[in-house]
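Structure first, then comments.
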Amino acid sequence: MANKERVISAYGAVDTWAGSIRVEAGPHGVRAAEIPHWTETGHPSANVGTITIFDDAEEEALRHLRQALTELREYFGGQRRTFTVPLDLQGTAFYRAAWAEVASVPFGETRTYAEIAQSIGAPTAIRAAGAANGANPVAPFVPCHRIVGSDGRLTGYGPGLPLKARLLAMEGAIPADASEYDAWAAGLAAHNNGNMPALGIRGTSRYCLPGCVRSRARWALPSRIFASVDDARAAGYEPCPLCHGA
């Protein structure tokens, strides 16, 4: 290998419970990541956590690749909430703006395609925002699984909607199943400095308190999670008449 000219891009993979995720990195950051299609049966592997570097490359590319694979291992292992590896994304100005906005959605929260379009100053470009999300080349570094339909439904995820739901449950955006609702609601308060958050019920323009029958019935559809009822009201949500929103 000492006499072989090093290539610009570095390629590698990390084994996770979601399967073997392949990553390409260049001297300026991660260029591509590929999550395999996933089903509820998962991709059992005795090698979870194993990192593989496929070939030699320029040192900067290798450094970014190693960081990316390590961060993925930590994320899928429940030890990381944010990614810090540099990204080197190629696309139109609109796509790059949309990807940057998606990347800003916090761990455990969700946004709609319309909210992404609004945030980048193109409120009527909802379909284009959806197309940008679908063309995201570096999931989950740009967490397109956190983007949902206007009514909260899970849509448009290449590796499969079961994985999208599993990732959102892992992050605490939704309960793992209906029986976990109460534990999930308690966790929301624990992560909100002990204060009860408000849940913006998408498609209704209402916000509920955790435990409301409306929120409980829609447990599988991510709500917009607000730190307080004041934040929910500021975002245009009205109190739910079932739980009085206060």
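The values are calculated or read from the model by the stated rules, or taken from the named source; none is laboratory data. Just so it is clear, the structure is predicted and the values come from calculations on it, not from any experiment. As a convention, Cβ positions derive from the backbone with ideal geometry for all residues, glycine included, and neighbour counts pool all protein chains shown.
Residues in the stretch 192-208 that are loosely packed, with under 15 Cβ neighbours inside 10 Å and out of contact with any Asp or Glu (no Cβ under 9 Å at 6 or more places or on another chain): N193, G194, N195. If you go through the stretch 87-132 and keep only what is hydroxyl-bearing (S, T, Y) and either part of a helix (DSSP H, G or I) or surrounded by fewer than 18 Cβ atoms within 10 Å (Cβ to Cβ) (or both), you end up with T92, Y95, S104, Y113, S119, T124.
Taking (1) buried (at least 18 other Cβ atoms within 10 Å of the Cβ); (2) hydrophobic (A, V, I, L, M, F, W, C); (3) free of Cβ contacts under 8 Å to residues at least 60 places away in the same chain; (4) in the same structural domain as L163 (by TED's automatic domain parsing) in turn, F141 satisfies each apart from (3).
Does the stretch 194-246 hold any residues that are in a helix (DSSP H, G or I) and either touching a residue at least 24 places away in the same chain (Cβ under 8 Å) or under 19 Å from V148 (Cβ atoms) (or both), and which are they? Before the answer, list the steps.
Looking only at the stretch 194-246, we keep the residues that are in a helix (DSSP H, G or I), and these are 213-217, 229-234.
Within the stretch 194-246, V213, R214, S215, R216, A217, V229, D231, A232, R233 meet the criteria.
Of all residues in the stretch 161-181, those that are over 19 Å from C144 (Cα atoms) and out of contact with any helix residue (DSSP H, G or I) (no Cβ under 9 Å at 6 or more places or on another chain) total 1.
Among the criteria (1) more than 25 Å from R206 (Cα to Cα); (2) free of Cβ contacts under 8 Å to residues at least 12 places away in the same chain, the one A183 does not fulfil is (1). Every test in (1) of a type in the set (G, A, S); (2) part of a loop (DSSP other than H, G, I, E, B); (3) modelled with pLDDT of 95 or more; (4) outside the structural domain of G152 (by TED's automatic domain parsing) is passed by S45 save one, and that test is (3).
Of the residues in the stretch 55-75, at least one is in contact with a strand residue (DSSP E or B) (Cβ under 7 Å, 6 or more places away or on another chain), assigned to a loop (DSSP other than H, G, I, E, B) and modelled with pLDDT under 95. Going by what's in this entry, would R153 be described as in contact with a Leu (Cβ under 7 Å, 6 or more places away or on another chain), at pLDDT 95 or above and not aliphatic (A, V, I, L, M)? Yes.
Being in contact (Cβ under 8 Å) with a residue 40 or more places away in the chain, of a type in the set (G, A, S) and closer than 23 Å to P143 by Cβ holds for only one residue in A169, A176, A165, and it is A165.
Remark: A189 matches the filter, which requires a residue to be over 28 Å from W38 (Cα atoms), modelled with pLDDT under 95, of a type in the set (A, V, I, L, M) and assigned to a helix (DSSP H, G or I).
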